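Taken together, the values in this text are just the output of simple stated rules run on the coordinates, not laboratory data. The structure presented is a predicted model; accordingly, all values stated were derived computationally and were not measured. Reconstructed Cβ throughout: ideal geometry from the backbone, glycine too, with neighbour counts over all protein chains shown.
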Amino acid sequence: MTDAERIAELEAKIQQAYHVIGQLLGGPDGKSEDLYSPHGQRALDYFAHESFDKDFLPYVHPRR
């Protein structure tokens, strides 16, 4: 697998994560307040863009 193919797969995986997060935030009926909450929108915004934020998570990762 070339680097370009691997990058394309990772980008597709991030797009899938965005949709999964949206479905989970929306709840079973798609109307959950979590979807429109600041935290929900922050998560969707983060996965909608290519930039990486090492401090995105609200807690310190145990391996740091």
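Could you tell me whether Phe52 is surrounded by 11 or more Cβ atoms within 10 Å (Cβ to Cβ) and outside any helix (DSSP H, G or I)?
Judged against the criteria, Phe52 is not a match.
The C-beta contact set for region 1-28 (first residue under 16 Å from Arg42 (Cβ atoms), second residue of a type in the set (Asp, Glu) and part of a helix (DSSP H, G or I), distance under 8 angstrom, 6+ apart or interchain) comprises Leu25/Asp34; Gly26/Asp34.
Here Tyr46 meets each of (1) part of a helix (DSSP H, G or I); (2) surrounded by fewer than 13 Cβ atoms within 10 Å (Cβ to Cβ); (3) not basic (Lys, Arg) with one exception, condition (2). Restricting attention to region 24-41, the residues that are part of a loop (DSSP other than H, G, I, E, B) and either under 12 Å from the mean Cα position of the chain (by Cα) or at positive phi (or both) total 2.
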